[in-house]
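Beneath this line is the structure, given in structure tokens, with notes to follow.
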Amino acid sequence: MTDLVQPDRLAKAQAMRAAGVDPFPARGVEATPIASIAAHAGDSANPGAMVGQRVTIAGRLAMPRDFGKLIFAPLSDRTGRIQVGLKRDALSEWWPQRKWLDAGDLVGVSGEVGFTQKGELTVWASEVQLLAKALASPPEKWHGLVDVEARYRRRYVDLWATEGVLETFVKRSKIVSSVRRFLEAQGYLEVETPTLHPIFGGATARPFVTHHNALDADFYLRIAPELYLKRLIVGGMERVFEIARNFRNEGISTRHNPEFSMLELYEAQADYRRMMEISEQMLESIAREVNGTTKVTFRGVEYDLKAPFARVSYTQLFREQNGCEFDDQPAVRKRAKELGLDESAGYWKLMNDVFEATCEKLLTGPVFCVDYPVPICPLAKKKPEDPRLAERFELFLGGMELGNAFTELNDPQDQEQRFVEQVATKDPEAPGEVDVDYVQALEYGMPPTGGLGIGIDRLVMVLTGKDSIRDVLLFPALRPQRNVVEGEATEPA
RNA sequence: GGGCGCAUAGCUCAGUCGGUAGAGCAGCUGGCUUUUAACCAGCGGGUCGUAGGUUCGAGUCCUACUGCGCUCACCA
């Protein structure tokens, strides 16, 4: 046990055992969801069908108010909260056991649905059953958990002790389910591809490395599922999507977690224009389903997710903000110097740094920024009418990148050449070797294909109005903490 | 990785000029049959994040470390 355990609660549990009552019984109770009781209870002036019915509810007890021969306490389950009323006269046999109850305990209560004199919906208990004793006391009753670290480390407390937290994660679940419904309605197939990759690719990011003992081989945790999903397009699956957990060994911030969820989808016979349509239609549809409106407020600004979204050209925006063409190397280098950017990297990274420094903040959105220079798009097809540019877009909202898509490069020779160039950079964020198997897949022929990636966590941030990715991840990444268990040797550091 | 900030009771927070460690909630005891953060009376509860330093004396000042938050950079 840890120092969280309250001695008086432990003493109660021991007293219960001594009296033959199990503080941690093996069986639960068959309970009615609280929300379904409240939904059919009406009010004291106009009682609904539930009033007068005997029900059983189960959940966590909070804030008991003890009047000596009468106790009121709210009881919460996953669907809602309702008051229970415990009267001595209705619980004569059980009544002495009330002293074993504490705020935070998990209990089952059976009784008649009714109201109090003040009109509060109440289950008047005729039977009370402790389902699990809380040996640790719940957080302070009206502030809840406010210490941010404690909230993230002990999400299992935060979920019921902090207002709105459960609702956020219920909504996250609905968003993911809405994504699936939207895509399945369009004939998409949900697939699962490997998380352990022998070569990392599909994005530029530092990977996590792990080792398989039996194969005696290193693997990378995937930074993107992209190259496997496109192999499935070669295989004829034609419309596939995956909601993939990706891993990137990079910084942690309010917009970044080392493991995050990305929706990637690929559609044969489509191109990036179709990906724009599907993006805006999907976002509008999800917003309507989970929020009932296309209006969202993110970081204090209201946006409308109603399709169609605006389109803005990368190179045109670059020209407007910097007074030079994106491929005018002397002019762009001069501009980078003015902006005080790090010039040690290659030209194209520098050019993109100039773009991000001068243009990205203008992309409040929702807006598609389209047609990126080819050298920063190693997996995208060139535009037929301008081979300097790739058919790629990024979707922005509130200056934050929500999605990335392109018309997929399906020319194996071109792809091999771009892989070779990537490997030659020796960049730790670029693959260390050419993915020959992927090139071979393309050699069998991949139809014209559009692909799209959308950051699920960021989408949830937008649709729930949360500023930090940690507020939409149940267990955000934190530095590991050493907890000491009683009786365990504490080793010197 | 850089900058700024925070760390005191189970929880939320005070702590003045460096001079005996405080409150509310939670807990315990007693009272109370209609509360909504119930109320009334009483009681218990602390390695002030860790380690050094300055000082007669440190929760308070200084240094380092640890953890967390915000922010900048990178990334989605």
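The values are calculated or read from the model by the stated rules, or taken from the named source; none is laboratory data. All values derive from a computational prediction rather than experimental measurement. Positions of Cβ are generated from backbone atoms using ideal geometry, with glycine treated the same way; all protein chains shown enter the neighbour counts.
Yes/no matrix, rows are residues, columns are (1) assigned to a strand (DSSP E or B); (2) modelled with pLDDT of 90 or more; (3) β-branched (V, I, T):
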site	(1), (2), (3)
A:L389	yes, yes, no
A:N404	yes, yes, no
A:Q413	no, yes, no
A:R479	no, no, no
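Residues checked against (1) surrounded by 16 or more Cβ atoms within 10 Å (Cβ to Cβ); (2) of a type in the set (D, E); (3) more than 15 Å from the chain's Cα centre (by Cα):
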site	(1), (2), (3)
A:A185	no, no, yes
A:L215	no, no, yes
A:V234	yes, no, yes
A:E250	no, yes, yes
A:M262	yes, no, no
Scan the range A:287-295 and give yes if some residue there is closer than 19 Å to A:P375 by Cα and assigned to a helix (DSSP H, G or I), otherwise no.
no
Looking at the range A:424-438, which of the residues that are buried (at least 16 other Cβ atoms within 10 Å of the Cβ), away from RNA strand B (no atom under 16 Å from the Cβ) and not acidic (D, E) is nearest to the chain's Cα centre (by Cα)?
A:Y438
A:D342 passes all but one of the listed conditions (1) part of a loop (DSSP other than H, G, I, E, B); (2) under 19 Å from A:M400 (Cα atoms); the exception is number (2)
Of the residues in the range A:304-323, those that are surrounded by fewer than 18 Cβ atoms within 10 Å (Cβ to Cβ) and of a type in the set (S, T, Y) come to A:S313
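For the range A:130-186, please list each of the helices (runs of 4 or more DSSP H) lying entirely inside it that holds at least 1 residues being of a type in the set (D, E, K, R) and within 7 Å of RNA strand B (Cβ to nearest atom).
A:148-153
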Restricting the search to the range A:441-475, which residues are within 10 Å of RNA strand B (Cβ to nearest atom), more than 12 Å from the chain's Cα centre (by Cα) and surrounded by fewer than 21 Cβ atoms within 10 Å (Cβ to Cβ)?
A:D467
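Sort through A:N246, A:N213, A:N257 and tell me the only one that's of a type in the set (S, T, N, Q), in contact (Cβ under 8 Å) with a residue 60 or more places away in the chain and either over 19 Å from A:R392 (Cα atoms) or away from RNA strand B (no atom under 11 Å from the Cβ) (or both).
So the residue among A:N246, A:N213, A:N257 that is of a type in the set (S, T, N, Q), in contact (Cβ under 8 Å) with a residue 60 or more places away in the chain and either over 19 Å from A:R392 (Cα atoms) or away from RNA strand B (no atom under 11 Å from the Cβ) (or both) is A:N257.
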Could you figure out which of (1) closer than 20 Å to A:C377 by Cα; (2) part of a helix (DSSP H, G or I); (3) out of contact with any helix residue (DSSP H, G or I) (no Cβ under 7 Å at 6 or more places or on another chain) isn't true of A:V312?
(2)
Filtered residue count, the range A:296-307, keeping only those that are outside any strand (DSSP E or B), touching a strand residue (DSSP E or B) at 6+ places or on another chain (Cβ under 9 Å) and not aliphatic (A, V, I, L, M)
2
Within the range A:12-44, restricting to residues that are in contact with a Leu (Cβ under 9 Å, 6 or more places away or on another chain) and of a type in the set (K, R), the one that is nearest to A:A136 (Cα to Cα) is A:K12
Select from the range A:53-62 the residues that are within 15 Å of RNA strand B (Cβ to nearest atom) and farther than 18 Å from A:W95 by Cα and list them in ascending order.
A:R60, A:A62
Can you confirm whether A:C369 is touching a residue at least 40 places away in the same chain (Cβ under 8 Å) and not acidic (D, E)?
yes
Can you spot a residue in the range A:74-90 that is over 37 Å from the mean Cα position of the chain (by Cα), acidic (D, E), assigned to a loop (DSSP other than H, G, I, E, B) and at pLDDT 90 or above?
yes
Subset of the range A:48-104 [out of contact with any helix residue (DSSP H, G or I) (no Cβ under 8 Å at 6 or more places or on another chain), buried (at least 19 other Cβ atoms within 10 Å of the Cβ) and touching a residue at least 40 places away in the same chain (Cβ under 8 Å)]:
A:A58, A:L61, A:V84, A:G85, A:L101, A:G104
Looking at (1) at pLDDT below 95; (2) touching a strand residue (DSSP E or B) at 6+ places or on another chain (Cβ under 8 Å), can you tell me which one A:M237 breaks?
(1)
Confirm whether A:A31 is under 18 Å from A:E112 (Cβ atoms) and surrounded by 16 or more Cβ atoms within 10 Å (Cβ to Cβ).
yes
Regarding A:G292, is this residue small (G, A, S), surrounded by fewer than 16 Cβ atoms within 10 Å (Cβ to Cβ) and without any contact (Cβ under 8 Å) to a residue 12 or more places away in the chain?
yes
Do we find that A:S285 is within 16 Å of RNA strand B (Cβ to nearest atom), closer than 18 Å to A:L402 by Cα and of a type in the set (S, T, N, Q) in this structure?
no
Evaluate the range A:231-240: report whether one residue or more is touching a residue at least 12 places away in the same chain (Cβ under 8 Å), of a type in the set (D, E) and within 16 Å of RNA strand B (Cβ to nearest atom).
no
Here are the criteria: (1) modelled with pLDDT under 85; (2) within 13 Å of RNA strand B (Cβ to nearest atom); (3) farther than 22 Å from A:E264 by Cα; (4) within 30 Å of the chain's Cα centre (by Cα). Tell me which single one A:N352 does not satisfy.
(1)
